[in-house]
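Since the structure comes first, as structure tokens, the remarks are kept for the end.
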Amino acid sequence: MDEAAKQVGTPAYLYSRASIEQAYRRMDSAFGALPHTICYAVKANSNLGILRVFAALGSGFDIVSGGELYRLRRIGVPGNRIVFSGAGKSREEIREALRARILLFNVESPAELDLLASEASRLRVRAPSSIRVNPDVQAGGHPHISTGHHRHKFGIDWDGARRLYLEHRDSRWIEWQGISAHIGSQILTLAPYRRALVRLAEFVRDLGREGITLRYLDCGGGLGIRYTTEQPPEAAAYASELMRAVRPLGCHLLIEPGRSLIGPAGVILMRVLYTKHNRGKTFVVVDAAMNDFMRPALYGATHSITRMRRRAGALTRADIVGPVCESGDCFVQDWPLGEVTSGDVLVLWGAGAYGFVEASNYNSRPRPVEVLVTGRRFRVIRRRESRADLVRGE
Ligand code: LLP
């Protein structure tokens, strides 16, 4: 990491290929012989270099926009490896996905289903569809990232979903293939999955009695990871919870994990610019900021930050802050970082998911470089933005 910081500069995102591969294989093997497909949630980290790693592992993909579909097409991912989620698919996006012959549309409203049917009929193809139900369970680490409760905008309630399945049972253009539910993100216990799955299984059986046989059960993503002291369930425990519900149904299981596959694989390297003391508080000002990494400011997330090299001295506590002109531009408060001095490199951990993808140019700061580390080698998979990039298109 030292070498990378010297060569590519800071701030920089670094991803470990070995870590991604290990997480993917661990998850994949946890499901054993149960027919299943991991559909990596592209939104978590959509760099083409990262998507290529998943594609090489044989992963499927979950997309939420035409932009994400474009990325996958650019690296040659076939449509039948792609599921499309999201509450606001546009006509254009639906059309593109139909043309790409994707595996499954996770439909989130009656109006979207109508649009999907009309676009399918224009293209004379059947749309492989599932309804994303809102199972009305509480889950997720933060109000902004829980999705499966009836207050949330996502999915369709049970009664509404049942009506739609039945209404379109013999539709020419809608082909019922599955059912889906994504209940939230950074979920740290299995109980919410259990609650959702019991109801999903009941629902699938009920539809079966009505003559609608669903091939896929898509259980979304959401499995949490350890950022500091969290104790997330192991992949194996998560898998056996899901398998218990899905095996008796005979469905092919789809899951859409993002964070649990890519989160732990990424770090941000940053350099100390200054240290200062104000009324008994110590601040360490670094060259990364909230525009580079939003999670602390946006979700109140705590990510561990350590020094690349130890220095002698007490383990002093400091607020680690960036150069952006907002008080919210603080990575962590009162953090036991220890002695540092200008030029020292710090490592922010667990930044592989929802890191670079949420970066912006706020304060006219170019977005950081992204680097993929393979063994002892590293390769730039997105160059650092330039000043010219900042004004491109203006
Ligand atoms: N499937 C759907 C339909 C989703 O909406 C999401 C995430 C996933 C799968 C992947 O969930 P995961 O396995 O990564 O939890 N930016 C926030 C997280 C937002 C999650 C949005 N949906 C954060 O940094 O915590």
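Every number in this text was worked out from the coordinates using simple rules, so none of it is lab data. Because the structure is predicted, anything quoted here is derived from the model rather than measured. Note: ideal-geometry Cβ built from the backbone for every residue, glycine included; neighbour counts use all protein chains shown.
Run the numbers for Arg101 and Leu123: contour at 0.36 nm per residue of separation, minus the present Cα-Cα distance, in nm.
Values: separation 22, 0.36 × 22 = 7.92 nm, distance 1.11 nm.
So the extension gain works out to 6.8 nm.
Can you find, among His150, Ser121, Ala5, the residue farthest towards the positive end of the dipole of region 1-154? Put +1 on the C-beta of Lys and Arg, -1 on that of Asp and Glu.
The listed residue farthest towards the positive side: Ser121.
Note down the magnitude of the dipole of region 235-309 about its Cα centre, charges +1 on Lys and Arg C-beta and -1 on Asp and Glu C-beta and zero elsewhere, to the nearest 20 debye. List each step's numbers first, then the result.
On the way: 10 positive and 4 negative charges, 89 e Å.
Roughly 420 debye for region 235-309.
Please work out the Cα center distance from region 1-33 to region 111-130, rounded to the nearest Å.
38
Within 13 Å, Cβ to Cβ, of Val125, how many net charges do the neighbouring residues add up to if Lys/Arg are +1 and Asp/Glu are -1? Mind dumping the intermediate values first?
On the way: positive: Arg95, Arg99, Arg101, Arg122, Arg124, Arg126, Arg172; negative: Glu96, Glu119, Glu175.
Neighbour charge sum, excluding Val125 itself: +4.
Given +1 on the Cβ of Lys and Arg, -1 on the Cβ of Asp and Glu, and no further charges, what dipole in debye does the chain carry about its Cα centre, rounded to the nearest 20?
Details: 55 positive and 40 negative charges, 191 e Å.
So the dipole magnitude of the chain works out to roughly 920 debye.
Using the Cβ atoms and a cut-off under 13 Å, what net charge is assigned to the surroundings of Arg91, where Lys and Arg are +1 and Asp and Glu are -1? Don't skip to the end; give the middle numbers.
On the way: positive: Lys89, Arg95, Arg99, Arg122; negative: Glu92, Glu93, Glu96, Glu112, Asp114, Glu119.
Here the charged neighbours net out to -2.
Helix 158-167 against the longest principal axis of the chain: what's the angle in degrees, Cα atoms only, rounded to the nearest 10?
Rounded to the nearest ten degrees, it is 50.
With 10 angstrom as the radius, rank Lys89, Lys153 by how many other C-beta atoms surround their C-beta, starting from the fewest. Write down the numbers at each step before the final one.
Working: Lys89 25, Lys153 10.
Lowest count first: Lys153, Lys89.
Let me check I've understood the local charge: for Gly355, count other residues with C-beta under 14 angstrom from its C-beta, Lys and Arg +1, Asp and Glu -1. What total comes out?
Values: positive: Lys43, Arg259, Arg295, Arg367, Arg382; negative: Asp292, Glu358, Glu370.
Cβ neighbours under 14 Å give a net charge of +2.
Among Tyr299, Tyr13, Tyr227, what is the fewest-to-most ranking by other Cβ atoms within 10 Å? Walk me through the numbers before you get to the answer.
Details: Tyr299 16, Tyr13 28, Tyr227 20.
Ascending Cβ contact count within 10 Å gives the list Tyr299, Tyr227, Tyr13.
Please arrange Val371, Val42, Val285 by counting, for each residue, the other beta carbons lying within 10 Å of its beta carbon, fewest first. Before the final figure, lay out the partial values.
Details: Val371 22, Val42 26, Val285 18.
Ascending Cβ contact count within 10 Å gives the list Val285, Val371, Val42.
Highest mean first, how do 63-76, 261-274 rank when packing is the count of other Cβ atoms within 10 Å averaged over residues? Write down the numbers at each step before the final one.
Details: 63-76: 17.0, 261-274: 23.6.
Going from most to least packed, we get 261-274, 63-76.
Quick one: what does P(r) look like for region 246-355 with 5 Å bins over all Cα pairs, in whole %?
Spelled out bin by bin, region 246-355 gives 2, 11, 21, 22, 15, 9, 5, 4, 3, 3, 3, 2, 0 percent.
222 nm [θ] for the chain, helices only, -39500 (n - 2.57) per DSSP H run of 4+, per residue, to 500? Could the numbers behind the result be given before it?
Working: 12 runs with 118 residues, N = 394.
Result for the chain, helices only: -8500 deg cm²/dmol.
Quick one: compute the contact order of region 17-260, relative version, from alpha carbon pairs under 8 angstrom and 6+ residues apart, as a percent.
On the way: 482 pairs, mean separation 51.1, N = 244.
The normalised contact order for region 17-260 reaches 21 percent.
Ratio to report: Rg/Rh of the chain, with Cα atoms as the point set and Rh obtained by the Kirkwood method; give two decimals. Don't skip to the end; give the middle numbers.
On the way: Rg = 22.4 Å, Rh = 22.2 Å.
Taking Rg over the Kirkwood Rh, I get 1.01.
Going 7 Å from the Cα of Arg25 along its beta-carbon direction, which residues of region 40-68 have the amide nitrogen within less than 12 Å of the resulting point?
57
Considering only the chain, what is the antiparallel percent among its DSSP beta bridges, to the nearest 5?
In the chain, approximately 45 percent of DSSP beta bridges are antiparallel ones.
Among Gly266, Thr228, Ser240, flag the residue with its Cα farthest along the positive direction of the charge dipole of the chain, charges on Cβ as +1 for Lys/Arg and -1 for Asp/Glu.
Projecting each Cα onto the dipole axis, the largest value belongs to Gly266.
Can you compute the label reach from Asp2? Point 7 Å from Cα along the Cβ direction, backbone N cut-off under 15 Å, restricted to region 284-311.
307-311
Which one, Gly313, Ile179, Ala56, projects farthest toward the positive side of the charge dipole computed for the chain from Cβ point charges (K/R +1, D/E -1)?
Of the options given, the answer is Ala56.
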